[in-house]
Every structure is written in structure tokens, then in C-alpha cells.
Amino acid sequence: MKSSSKGLKIDDSFIMELRRLEGKLERMRHDLVEKEFPGKEVKTPYGTFFLSTRSASELPETRKPLSRFMSIFGNPRGARYGVSRIASRSPRKSLFLDIETTGLSSRCPIFLCGLMYFDGLEFKFEQLLARDFSEEAPMLCFLGGRLDDFELIITFNGRSFDLPYILDRMAYHGIPSPKGLMGRNYDVLLYSRRKWKGRVTNCKLQTLEKEICGRRRMGDIPSSLIPETYQEFIGSGDVSLLKPIMYHNLIDLVSMAELIAALLD
């Protein structure tokens, strides 16, 4: 028997049963994610996480924006707004990155890291998902290796948010940082402000999608609701709650690419 701070006695068997039920919910949550999203469980020295993989060819709505991005290669105007940093390299050397977190402070875990890259034939998406909070460390361990695989890391507000956040969370878990990460960053927000500030309502990603790219998201989850929706998934195991978050993250990556092309217009 164990005593609580109020003198209440808690039977050891109750604690064991509670842990058993927690483990059962965790396994159920993991199984449901694997059934719902294409991908696989990945093992790292820090544990496991879920890696969802898709190709742009599976997502017709990405075809036009990504084709527009590919037009920057060989474009004589590519030196504008730093686009030559991307266009002077092989398309395979750049990685698009976007993260989803449980809060705005780096004390709060990251639960989703979206990656997009060109493999020589088409664009691929990798979404690293922590199915519970224990999977953040293995997810970040894998992410560190992927970030080292590319010469250029493309983000939207990554210089101020995504990259420092990732480095803080890696340090928290004792995970080695990727080499020269900040110096390899191309931040689309920085150049978007230089070109469009004062000409658009604001320089938020979805505003630029609408006012510069002429696209409007339908049925999208607001960014402000993503942390609490993930928390709800953790509590309930309802995998349908993850669908709009995963799609939101994926479209963020596509929009970054289209905005880079729009910088040259």
C-alpha cells in the first residue's frame, strides 16, 4: 500500500492496473495511426516514432504550385530575393521544413515535423509524427540526420521560430545538433516581407497564399487550434483529429515553394 499526501492509501494493484490501461491506450493509439496514414514505425537509439510518407503525384492539388517552384531553376531573374541560393543548386539539395508544436514556447514539445524534397523524379513528403510525448526525442533524433542530408533548409519564419525551437528541444533531450543549421537556412518570410510588406494585408503564410498565390484553403484547421487538437488526440486516441493537422502541415510546405517562385514575378 502507498499513501498520498492527504493520507489516502492507494493499493499497488490499482497503480499497476492504471499503468496497464495507459499502455493499452498507447498501443491502440499507435496502431490506429499506422492504419490511417501511409508510412511506418521507425526505430532510433531514443525509441520509436511514426514516419508518414507520400508523393506529390498522390496529391493533385500540389501539382501546379510545385511545377511553378521548379520554374526558378534556369530563370535568369533568380538572383532576386536570394532565390539564387536555391536555384544555383540541384533541386535535390534543398529541404523544406515546417513544424507543429504544443505551444509557442520551446518548453512545449514538438509533435510533428513536415519535410518536403525533390528526389530527382518528383517531390516527396515525410511527416515525422510523435504519437505521444515519449516519441518526441526519437523523432528529433531522426530529424537531425535528415537535416544533415541537405545543403539548404527552407522554412517560413524558421530563422526566428522553427530552427531555434528544434535546437532547444534537441538540447533538452541531449540530441546532437545538425551542423551549421542556421547558416543553411533560407527563410521565405524574410524575403516575402521585403517584397510584399505594405502591399498585402499581412505577411502570414495563409494571407500570402490567398493574396499572392490566389489560393484559399478549404476546411483547414486554424493554427491556433492545432496544439489543443493534438492534446485531444493524446487523451482520446481519436486518429481523425490528426488528419486536418497533417494536411495543414503538408500544404504549408507546398505554399513555401510557390511563394519562392512568386518572388521572381
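Those residues that are out of contact with any Asp or Glu (no Cβ under 8 Å at 6 or more places or on another chain) and either buried (at least 20 other Cβ atoms within 10 Å of the Cβ) or in a helix (DSSP H, G or I) (or both), I need them from the stretch 84-101; list them, please. Spell out the reasoning first.
Let us first name the residues in the stretch 84-101 that are out of contact with any Asp or Glu (no Cβ under 8 Å at 6 or more places or on another chain), namely 84-88, 90-91, 96, 100-101.
Across the stretch 84-101, the qualifying residues are S84, R85, I86, A87, P91, F96, E100, T101.
Of all residues being in a helix (DSSP H, G or I) and among the basic types (K, R) in the stretch 64-83, which is farthest from the chain's Cα centre (by Cα)? Just the residue, please. Before the answer, list the steps.
The initial filter retains those residues of the stretch 64-83 that are in a helix (DSSP H, G or I), namely 64-70, 80-82.
Retained after the next criterion (residues that are among the basic types (K, R)): 64, 68, 80.
Details: K64: 22, R68: 22, R80: 27 Å.
Checking each candidate, the answer is R80.
Filter the stretch 93-135 down to the residues that are closer than 20 Å to V239 by Cβ and either of a type in the set (F, W, Y) or in contact with a His (Cβ under 7 Å, 6 or more places away or on another chain) (or both) and list them by number.
Residues satisfying the conditions are F111, F125, R131, F133.
Tell me the residue from I166, I260, I154 that is part of a strand (DSSP E or B) and surrounded by 21 or more Cβ atoms within 10 Å (Cβ to Cβ), please. Full working, then the answer.
Numbers: I166 fails: part of a strand (DSSP E or B); I260 fails: part of a strand (DSSP E or B).
The match here is I154.
Quick check on the stretch 200-242: of everything there that is modelled with pLDDT under 95 and aliphatic (A, V, I, L, M), which residue is surrounded by the most Cβ atoms within 10 Å (Cβ to Cβ)?
Looking at residues that are modelled with pLDDT under 95 and aliphatic (A, V, I, L, M), I get I234.
Kindly provide the set of residues from the stretch 196-252 that are touching a residue at least 40 places away in the same chain (Cβ under 8 Å) and not in a helix (DSSP H, G or I), ordered by number.
Those that are touching a residue at least 40 places away in the same chain (Cβ under 8 Å) and not in a helix (DSSP H, G or I): I212, C213, R215, G237.
Six or more apart or on different chains, Cβ under 6 Å: which pairs go from a residue in the stretch 122-143 that's in contact (Cβ under 8 Å) with a residue 24 or more places away in the chain to one that's in a helix (DSSP H, G or I) and among the hydroxyl-bearing types (S, T, Y)? Could you list them?
E122/S57
The values are calculated or read from the model by the stated rules, or taken from the named source; none is laboratory data. Computed from a predicted model, the values in this text were never measured in an experiment. Here the Cβ is made from the backbone with ideal geometry for all residues, glycine too, and neighbour counts use every protein chain on show.
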